[in-house]
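Everything on this sheet refers to the single structure shown next.
The values are calculated or read from the model by the stated rules, or taken from the named source; none is laboratory data. Being a predicted model, the structure only gives us computed values, none of them experimental. Cβ: placed from backbone, ideal geometry, glycine included. Neighbour counts: every protein chain shown.
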Amino acid sequence: MATNAKTISLCIFLFLASALVTLTLRSSQHSTSWFPTARKGVSRTSQQFPINAPKVAFATFLAGNSNPDKKETDDESAEANDDDDGYFLGTRVLAYQLLHSKSAGTNNSIPFLVLCTTDVSSRKRARLKRDGAIIVLVEKLSADWVHAAVERWADVLAKLRLFQLTEYTKICFIDADTLVTAPLDGVFFDEATLTQATLPNPAEILPDEGALPRTYMFATHGDYWGYEHPYPPPTDLSYLNCGFFVFTPSTVLFNYYLSLLALPGRFDPGFPEQNLLNYAHRRDGNMPWKPLWYGWNVNWPTARDWRGGARSFHAKYWDGDPSHDLVLKAIWREQRAEMEGFYRGRDLALGGVRNKT
């Protein structure tokens, strides 16, 4: 009888423990969603998203004088189907690839921001807005001692105004001259995009520079400086390429960048924003940049990188540079034709709806 009593007691204990665990799980309010995962055409309600979900975005930059060979007036550019303004065309193709492409498109709840200097024509800004982009007008940044090595880079320092967009938790910046062939959503999960503590090395704290933030996040990849790199490419490079990077906006960090602009000779001004960021986030400094997975983006790309699984490629495929990989150039041109057909059909459909109303 004693043995039976112990068995009965054990059964009662296990039953009560099981009931307690079940009750705890049912009453918990944990959410496993980080950001929306539904694809195109799937309706969403605010109840599907966690209240404190990080706000992320893709972004690019467009300056009015980024193409010195463009037509003198915007009307002439329009008559030429904007073939004279490669960066504008690149921005449109990038918007299509990120927002609408069936093969390369990302989660369509992630906004695509286009930072435009005020000299980008209102027609072009309106076209990008119809394409689905969010236009962010910004003032130019400059310093008397900073002179870009190439004329089309004259206003690239305005890219730094991205760091003022503190309503976003993470932003992935992509240069307009980029071909995207597969979704990039996962870049926001990349280990390199975790928040880092700013290092306290006193030798790297200079009294004439602005204050550093307590934490930061700046992740990118190195510049390969040529087409002969292997795939996978090297990840131990020290010089970063800022055609593709992920960061957390910060007013303190933006003000630190401004303090560097006020110090003639602090960095080589030939590549204005890239060399400023290389100085600010040097690998042996207090805010070293972190390497992203090599497949998110490749500079100096070839079809070998594409076949290896890379997802985006940094090159001006709209121009006649004979060094560009012919396979990737053909894919970009196909994407441009697909983009133009998509928007032509959508514009006609929307025009018909407006006429009926």
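Going through P232, P269, P200 one at a time, which residue ends up being part of a loop (DSSP other than H, G, I, E, B) and closer than 30 Å to R333 by Cα?
Working: P269 fails: closer than 30 Å to R333 by Cα; P200 fails: closer than 30 Å to R333 by Cα.
Exactly one residue qualifies, and that residue is P232.
Results for (1) among the aromatic types (F, W, Y); (2) closer than 16 Å to G86 by Cβ; (3) at pLDDT 95 or above, shown as yes or no for each residue.
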{"residue": "M287", "(1), (2), (3)": "no, no, yes"}
{"residue": "W300", "(1), (2), (3)": "yes, no, yes"}
{"residue": "D305", "(1), (2), (3)": "no, no, yes"}
{"residue": "R311", "(1), (2), (3)": "no, no, yes"}
{"residue": "L326", "(1), (2), (3)": "no, no, yes"}
{"residue": "W332", "(1), (2), (3)": "yes, yes, yes"}
{"residue": "R336", "(1), (2), (3)": "no, yes, yes"}
{"residue": "M339", "(1), (2), (3)": "no, yes, yes"}
{"residue": "R344", "(1), (2), (3)": "no, no, no"}
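Mind checking whether some residue in the range 124-133 is under 20 Å from the mean Cα position of the chain (by Cα), at pLDDT below 95 and crowded, with 16+ Cβ neighbours inside 10 Å?
No, that holds for no residue.
Given A95, A80, A176, A104, which one is under 20 Å from D319 (Cα atoms), at pLDDT below 95 and either under 16 Å from the mean Cα position of the chain (by Cα) or small (G, A, S) (or both)? If you could, list the steps in order and put the result at the bottom.
Details: A95 fails: at pLDDT below 95; A176 fails: at pLDDT below 95; A104 fails: under 20 Å from D319 (Cα atoms).
Every option except A80 fails the conditions.
Which pairs do you get when a residue that is free of Cβ contacts under 8 Å to residues at least 40 places away in the same chain, found in the range 56-77, comes within reach of a residue that is buried (at least 21 other Cβ atoms within 10 Å of the Cβ) and among the hydroxyl-bearing types (S, T, Y), reach meaning Cβ atoms under 7 angstrom, with the pair 6+ apart or on two chains?
Hits for this filter: zero, empty list.
Quick one: what pairs do we get from the range 323-344, first residue over 25 Å from W300 (Cβ atoms), second of a type in the set (D, E) and surrounded by fewer than 19 Cβ atoms within 10 Å (Cβ to Cβ), C-beta under 6 Å, 6+ apart or different chains?
none
Which members of the range 301-348 meet the condition of being hydroxyl-bearing (S, T, Y) and not in a helix (DSSP H, G or I)?
At the first step, the residues of the range 301-348 found to be hydroxyl-bearing (S, T, Y) are 302, 312, 317, 323, 343.
Matches in the range 301-348: T302, S312, Y317, S323.
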